[in-house]
Each structure stands twice: as C-alpha cells, then as structure tokens.
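Engineer: Here it is, the structure, as structure tokens.
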Amino acid sequence: MRINLPNQITLGRLILAIVFFVLLGRYSYRGGDPRWLDVCGLLFIVAALSDILDGYLARKQNQVTSLGRVLDPFVDKVLVCGAFVFFCGPAFVDPLSGHNVSDVRPWMVVLILGRELLVTGLRGFSEARGDAFGANAFGKAKMILQSVTVPVILFFVGHEKSVFGSPDIVWIKPAFVWLTVAGTTASLIAYLIQAKAILRETVRPT
C-alpha cells in the first residue's frame, strides 16, 4: 500500500513523538541538564506544526484517507497526553519542597485523558452509525491551548533561573496550565452536548 505525503508526515510526527519522550525521559529536576527541555520543546513545536501541515495537504490535494483519519488523531493524543503524563511524574518534582515545578497535577492529567477517551468513543460510535462527528470550535481551541502549554512548561522549567524566573512573568506557566484545564473542560461539555442524541438513545429489547 502506497502511503501518501500527508500520512508520511503523520508517521514522521509519530517518530518525533518517540524521540521527544526518549529525551524527556532523560531529564530530572533533581539534577538533569535543562537543555534537554529546550530540545524537547523545539521537537514538540515541530511536531505540532507538522500536524497543521499534513491536515492542510490532505484537504488541498484531496488525499484524506481512512489511515489518516485514524492515525492523525492517534498521534496527536499520544504526543499531548504523553507530555502531560510526564509533567506530573517524579522527574518534575522539586525534592526540597516536594512541589511539582510543571504545575500539572495528576487530576488534570486524568481530566485530559478522560476527555480524549470519551470523545474518541463517542466519535467512533457516531460514525459507525453513519453520523458525522467532526471537531468543533471548542475541540480545536483545546488542541491549540494544549499545544502551546506543553512548550511553555518546558521552556519555563528549563530556564527558571533566568528571565523566565522573574516574578513579573512567572505566573505565565500556571496560567497556561489552568487555561488548558478550562479549555479541556469546555471542550468536553461541548462534545457531550453535541452527542446528546446518542446519550439519550435507549437500547430496545430484541
């Protein structure tokens, strides 16, 4: 099977995601080299921009395929959700204060993962019935927020002793984290409203 250019870019993004996680796994706040976070941040930005590119090419060249419809959101979820899982792990905990320097809490990751699982299930069920269940404005805004928040966290944590540690801008990192939580919640509610017909449906006895 010949893989078209948009899907090749998506597969390349999956490889970038793997490299991203390998490098992120080398970092530890206890004594890791913060330059790894810069590299990870740049890799994430390249991956996020490639997501825009492959979608644009698929639509422009009329190359939307079943493989792309499955692979593209899968890679997106792996990259974003995986990053937030790492953020709430021990590598980002200050051993002296016990504070997670990423400002990401486990319940936030549960919310993000839960939203993705629920929406994926709703979309799969809806499309299996022949009903469209495309991304809405809340979903797109959520993805943009998450894609911006990840590199913001990486750069702020990696440079907390430089200008990024200034009290004048130190609020930016937690602000983006909470904006992501709010955006994820709003997106979840919007999709539940969109799928209310499915949720109200009752199973008829055979």
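The values are calculated or read from the model by the stated rules, or taken from the named source; none is laboratory data. Being a predicted model, the structure only gives us computed values, none of them experimental. Glycine also receives a Cβ, built like all others from the backbone with ideal geometry; neighbour counts cover every protein chain displayed.
Engineer: So is Gly89 small (Gly, Ala, Ser) and free of Cβ contacts under 8 Å to residues at least 24 places away in the same chain or not?
Structural biologist: Numbers: small (Gly, Ala, Ser): yes; free of Cβ contacts under 8 Å to residues at least 24 places away in the same chain: yes.
Taking the combined requirement at face value, the residue satisfies it.
Engineer: Only one of these is free of Cβ contacts under 8 Å to residues at least 60 places away in the same chain, surrounded by fewer than 16 Cβ atoms within 10 Å (Cβ to Cβ) and within 18 Å of the chain's Cα centre (by Cα): Pro73, Pro106. Name it.
Structural biologist: The unique qualifying residue is Pro106.
Engineer: Can you spot a residue in segment 94-101 that is within 19 Å of the chain's Cα centre (by Cα) and farther than 22 Å from Gly183 by Cα?
Structural biologist: Scanning segment 94-101, I find no residue that is within 19 Å of the chain's Cα centre (by Cα) and farther than 22 Å from Gly183 by Cα, so the answer is no.
Engineer: Let me ask something additional. Quick check: anything in segment 4-15 without any contact (Cβ under 8 Å) to a residue 40 or more places away in the chain, within 25 Å of Leu145 (Cβ to Cβ) and surrounded by 15 or more Cβ atoms within 10 Å (Cβ to Cβ)?
Structural biologist: Yes - at least one qualifying residue is present in segment 4-15.
Engineer: What number of residues within segment 1-32 are more than 12 Å from Ala91 (Cα to Cα) and in a loop (DSSP other than H, G, I, E, B)?
Structural biologist: Counting residues in segment 1-32 that are more than 12 Å from Ala91 (Cα to Cα) and in a loop (DSSP other than H, G, I, E, B) gives 4.
Engineer: Further question: Across segment 12-36, what is the total count of residues that are farther than 30 Å from Gln63 by Cβ and either at pLDDT 95 or above or not basic (Lys, Arg) (or both)? Even if it seems obvious, please write down each step before you answer.
Structural biologist: Narrowing segment 12-36 to residues farther than 30 Å from Gln63 by Cβ: 22-36.
Next, only the ones that are either at pLDDT 95 or above or not basic (Lys, Arg) (or both) stay: 22-25, 27-29, 31-34, 36.
Total satisfying the criteria: 12.
Engineer: Between a residue in segment 137-165 that is more than 16 Å from Trp178 (Cα to Cα) and modelled with pLDDT under 90 and any residue that is of a type in the set (Asp, Glu) and surrounded by 15 or more Cβ atoms within 10 Å (Cβ to Cβ), which pairs come within a Cβ distance under 9 Å, given they are 6 or more apart or on different chains?
Structural biologist: Taking only residues 6 or more apart or on different chains, the pairs are Gly158/Asp38; His159/Asp38.
Engineer: Consider segment 33-42. How many of its residues are in a helix (DSSP H, G or I) and acidic (Asp, Glu)?
Structural biologist: Of the residues in segment 33-42, 1 are in a helix (DSSP H, G or I) and acidic (Asp, Glu).
Engineer: For Gly82, are the conditions met, namely being under 25 Å from Phe155 (Cα atoms) and in a helix (DSSP H, G or I)? Step through it out loud before you land on a result.
Structural biologist: Numbers: under 25 Å from Phe155 (Cα atoms): yes; in a helix (DSSP H, G or I): yes.
Considered against the rule, which asks whether it is under 25 Å from Phe155 (Cα atoms) and in a helix (DSSP H, G or I), Gly82 comes out as yes.
Engineer: Quick one: in segment 43-69, of everything that is without any contact (Cβ under 8 Å) to a residue 24 or more places away in the chain and in a helix (DSSP H, G or I), which residue is farthest from Gly98 (Cα to Cα)?
Structural biologist: The qualifying residue farthest from Gly98 (Cα to Cα) is Lys60.
Engineer: Moving on. Of the numbered conditions (1) modelled with pLDDT of 95 or more; (2) more than 20 Å from Met143 (Cβ to Cβ), Gln63 fails exactly one; give the number of that condition.
Structural biologist: (1)
Engineer: What's the number of the condition Ile9 fails, among (1) under 19 Å from the mean Cα position of the chain (by Cα); (2) modelled with pLDDT under 85?
Structural biologist: All conditions pass for Ile9, except number (2).
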